[in-house]
1. Is it the case that some residue within region 142-150 is open to solvent by 50 Å² or more (accessible area, probe 1.4 Å), aliphatic (A, V, I, L, M) and within 30 Å of residue 568 (Cβ to Cβ)?
2. Going through 280, 194 one at a time, which residue ends up being more than 28 Å from residue 476 (Cβ to Cβ), open to solvent by 20 Å² or more (accessible area, probe 1.4 Å), free of Cβ contacts under 8 Å to residues at least 12 places away in the same chain and not polar (S, T, N, Q)?
3. Among the residues of region 123-130, is there at least one that is over 30 Å from residue 563 (Cα atoms), surrounded by fewer than 18 Cβ atoms within 10 Å (Cβ to Cβ) and either touching an Asp or Glu at 6+ places or on another chain (Cβ under 8 Å) or among the small types (Gly, Ala, Ser) (or both)?
4. So, in region 750-773, of the ones that are free of Cβ contacts under 8 Å to residues at least 24 places away in the same chain and in a strand (DSSP E or B), which residue ends up nearest to the chain's Cα centre (by Cα)?
5. Quick one: how many residues across region 151-172 are surrounded by fewer than 16 Cβ atoms within 10 Å (Cβ to Cβ) and not in a helix (DSSP H, G or I)?
6. Listed residues 598, 609; which is within 20 Å of residue 167 (Cα to Cα) and out of contact with any helix residue (DSSP H, G or I) (no Cβ under 7 Å at 6 or more places or on another chain)?
7. Here is a check on your reading of the model: is residue 241 outside any loop (DSSP other than H, G, I, E, B), of a type in the set (S, T, N, Q) and open to solvent by less than 90 Å² (accessible area, probe 1.4 Å)?
8. Got a sec? Which of 82, 110 is more than 32 Å from the chain's Cα centre (by Cα) and either of a type in the set (Phe, Trp, Tyr) or open to solvent by less than 20 Å² (accessible area, probe 1.4 Å) (or both)?
Amino acid sequence: MPKHLVIVESPAKAKTIGRYLGDDFVVESSVGHIRDIPSKVGEVTESKKAAWKATRFGVDVDHDFKPMYIVTPDSRKQVAMLRKELQGADSLYLATDEDREGEAIAWHLLEALKPKVPVHRMVFHEITEGAIREAVEHPREIDYQVVAAQEARRILDRLFGYEVSPVLWRKVQPGLSAGRVQSPATRIIVDRERERLAFVAAAYAGVTGTFAHADASAPFQATLVTVDGERLATGKDFDLTGEPRTDRLVLDTAAAAALVDELSGAAFEVSSVERKPYTRRPYAPFRTATLQQEAGRKFRFGARRTMSAAQRLYEGGFITYMRTDSTNLSGTALKAARSLVAGRFGEQYLPDNPRFYGKQAKGAQEAHEAIRPAGERFQDPATIARSFGATSDEARLYDLIWKRTVASQMKDAKGESLQIRLQGVGTGTGRVCEFSATGRTITFAGFLKAYVEDIDDPDAARDDQETPLPNVAEGEPVDVVDLVATSHETKPPARYTEASLVKKMEELGIGRPSTYASIISTIQDRGYVRKQGSALVPTLKAFAVVGLLEKHFGDYVDYGFTARMEADLDRIARGEEEKVPYLERFYRGGDGHVGLKDLVADDALEAIDPREVNSVAIGEDPETGLTVLAKPGRFGPYVQLGDRNGGDGPKPKTASLPEDLPLDELTLEKALELLDAPSGDRVLGEDPVTGLPVLAKAGRFGPYVQLGERGEGSGPKPKTASLFKTMGLDTVTLDDALRLLTQPRVVGEHPEDGKPITAQNGRYGPYVKWGKESRSLTDEEEIFTVDLETALSLLSQPKKRGRRAAAPPLKELGTDPNSGKPIVMRDGRFGPYVTDGETNASLRVADSVEAMTTERAAELLAEKRAKGPAKKKPAKKRAAKKPAKKKPGKKRT
C-alpha cells in the first residue's frame, strides 16, 4: 500500500486532519517555522561562519539580498523526525496555511527535507472531511511569488530592526527595539496621547426639559437646541484647545439657569414633527480585524487571546481559517446559513436571495472566505460549549461567529425614526427657545433577532435600542413637567483599546490580518505601551523612540509609507513587482526615497541629540524659570528640573515617576510636587551608638536603610538592610531602621559546637542560619521573635528540597473565566505573576501590581495557555574526562 506523508504546522491540526484520511496517510506537523535567518553568529555552524561574516545580519546586501537560513535549534529534532518519516513515503503533501507565512513554511520544508518523491501543495480553508479530501484530490504547486513576498518581508524586518535598534540603544536606552510595523503602531498610540496632552477642557451648559402630552402614557425628555435661531454648542463643537465653533452659542451655568427661570412659566407647543423610515442592514460576516474588535468589545478579549481561541477552533474543525480580510461566504456556507435562518427564526426573516458583502479592508486580498462555522451544516453553539466548557473562550467566540454568520443572511431591521421640535417663548425677554427630542421604534427586528453589534462610544445607542416618543402633531400644546440647567465639560479623545487600535491599523493599511495580534503584543512586551483597564497607554520610552524615528527616520513611521510597503509586498506576491529591485530601493534609496543604509551612517547619527529625543516638556517652574522635563530612564521614568548644556553646570534635580502615571496626568503642579518631595535618600535621624546618620534609600533591588555614608576612596561599605514588605520609604521610622540594622540577629549558640545561630533577611525571604545550614522562616517579623528552641527545632528538620511554603498572595483577584478558579497575584523569584493554580503568567513590563485587574490577569493567563508549555532546553552533555596519565612507578626488584 502506498504511503503519503502530510505535513501541517501544528500537532492539533495534524490530529484533526488525521481523522479524515485513511491508513495510507501519515499526518505530522512542523510545529511552526523550521528555518529562519540566524540572529547571532553563535547559531551558525563552523562551516558557515565565514559566510555569516560576509552578510549584514544574515542578509548578503551586496548579492541580491540573499538571506542565510538555518534550521532553528528548536526545530532540529522535528526536522530529523520528518526526514525519517519521508524515507518510507511515496509522496509528500505540504498542507500548511494558505497565506504568506504558510506558503513560506511549505517552501522551507521543501528546502530542508529535499524529498525525492512527488511533492504536492495541499490547501484548504476549513478542516472538515469534505474540504480535506477535496484538497488531496486537487493539489497545486508552491506559489513562489508568495514565497518571494514573505522572504522580502522577512529581509525588510531584519534590516530595519537590526540597523535601527542599535541607534535606539545609543540615543535612548539599551535593549530597545524598532520594528517596521510595530513602530508605526506605537506612533498611533503616541499621537493619540499627544492629542490628550494638547487638550484643554471647555465648560458649557444646556437645558433639559421633561414634557407631557395628552396622548402620551409617560413624560418624555427634550434638550434645548436653539435660542432665537442660534444653535447651542455641544461637546463636538469644541476643538482640542477648548475653542468653540464661531457659529455656535456657548451658555455658561448662569445663562442656562436664567433661561430655566424665563421658561418656567412659558407655554410650549409642537413646532415640527419629522418621521423617517428606519432601515438597518445586517453586519458583514467577520474578518480577522472585525472579529478582534467585537471580541474586545463584548468579552474584553485582547487581540492575541481572540486569535488563540480562534486558532483552536480552526484546528479542531469548528470554524474556517481565521486570518482573512474577506467578507465573502461560499455557496455551501450561504446554503447552511439560510437553512438555519428559515429553521430557527422562520421564513419571514429570510431574504429572497443570498446577501453578498463587498471587501472593506484597505488592501484586502480576499484569498479566503470570511470567518464562519465550518462545514456544510453549522454545528450548534451548544455542541462547542460541551466540548470546551460553557464559559471557555472557544465557546464564547464560536457563539459570536455563529450568530454573526447567520445574521448576515437575514432580512434588514425595519422601523421609524422620529424627531419632535418643541417651541416656547421666554417670559420677559421674548427669546424663542427650541427643544428637540429624537426617538426610534423598531417594527421588524430582522437580523437583530439573532445578533447585535456592540459599540465603542458609551454614549451612543445600540442598533436594537428603542426610544419611543408620543404620537403628536404640529401645533399641539405640551405641558412642562420640569426644566433643569445642565453643566458639561468636553472630554479628551479616548485612548485606543486593542479593538480600536486594530480598527485604526486596518483603516491605515498598516499590518495584515495575520500580524495585528502579534504587533499589539510586541509593543506591550517591549514596554512601549501598557494597559490601564482596557486602554493602551504609551510610556515615556515610547515618546522618546517615536520622537527619534519621526525626526530622523520619518518614512519608517509615516502611515502612508508603511501602508505602501504592505501594498508593495502584495504586488510582489502577485508577480507585479520584483523582490530584489524593491529591496535595493529600500536599503540604498531611489525614487525619492532615502535608503536605510544612508540613514544609519555615522555622520547621520551624529545629528541626533539624545537630550532632545529623551525629553517631554511639562512646563516651566515659576520660581526658577527652568523647564520641567519628563524622561525615560534605565531604572524607570523620572522628572527633571532644567537640563545641562553640554554636561556643564550642576546636576539637575530629579525625581522618580510612578510607572503607572500616564503622561497626560502629569501636570506641572504634580511634577513640581514630586521634585519638592524628599528624595530617596531620606535622613531618618542619628544612630545613638555611633552618631552616624541613618538614611532611607531607594535602590535598584528595592528600598533599604543605611548606616552612614561611604567616604571617598576605598573605605568600608556602610551597613545596609532591606525594608520589610510591610514598610515604605515614606513611612519607615528611625526605630524601624535601627531595628533592621541589627541584622543578623544572634538567636543563641548551637549546643553541638557553640557556634552562633542567626536570623536575618535574604534574597528569598527570612531565615535562620547555623554554619552552612539554613532554614526558612514564615514571616519577616520572626527575625526578631524566633527563640533558640524554635530555631533548633527548624534546623533539626530535613532541608526541604522542594518549594518553601507559599507566602501570602500580593493580591486576590476574581475568578478566571476559562478555568473557573480564583486568580491571585504572587511574588516570584523573577517578579510578580498571576496564577489560577494551574497556569502561571508573569506580568509584562508595563503591568503593575496596583493596577492589575481580573480581566487583565485572565488575559495574561489565556495568552500563556495559548503559547503552551515552555520548551525545555536540552541539557548540555558534559565532556568525558580524559583518563589521568599514570605516573611511572618504581620497578620491583
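1. Applying the first criterion (open to solvent by 50 Å² or more (accessible area, probe 1.4 Å)) to region 142-150 yields 143-145.
Filter once more, keeping what is aliphatic (A, V, I, L, M): none.
Scanning region 142-150 turns up no residue that is open to solvent by 50 Å² or more (accessible area, probe 1.4 Å), aliphatic (A, V, I, L, M) and within 30 Å of residue 568 (Cβ to Cβ).
2. After ruling out the rest, the residue left standing is 194.
3. Initially, region 123-130 is screened for residues over 30 Å from residue 563 (Cα atoms), giving 127-130.
Now narrow it down to the ones that are surrounded by fewer than 18 Cβ atoms within 10 Å (Cβ to Cβ): 129-130.
Pick out the ones that are also either touching an Asp or Glu at 6+ places or on another chain (Cβ under 8 Å) or among the small types (Gly, Ala, Ser) (or both) and you get 130.
Yes.
4. Residue satisfying both the conditions and the ranking: 762.
5. Going through region 151-172 one residue at a time, the tally reaches 0.
6. Among 598, 609, only 609 is within 20 Å of residue 167 (Cα to Cα) and out of contact with any helix residue (DSSP H, G or I) (no Cβ under 7 Å at 6 or more places or on another chain).
7. Considered against the rule, which asks whether it is outside any loop (DSSP other than H, G, I, E, B), of a type in the set (S, T, N, Q) and open to solvent by less than 90 Å² (accessible area, probe 1.4 Å), residue 241 comes out as no.
8. 82
The values are calculated or read from the model by the stated rules, or taken from the named source; none is laboratory data. Computed from a predicted model, the values in this text were never measured in an experiment. So basically every Cβ, Gly included, is an ideal-geometry build from the backbone, and we count neighbours across all protein chains shown. All accessible areas refer to the heavy atoms of the entire protein, side chains included, with ligands and DNA or RNA removed. Shrake-Rupley method; radii C 1.70, N 1.55, O 1.52, S 1.80 Å.
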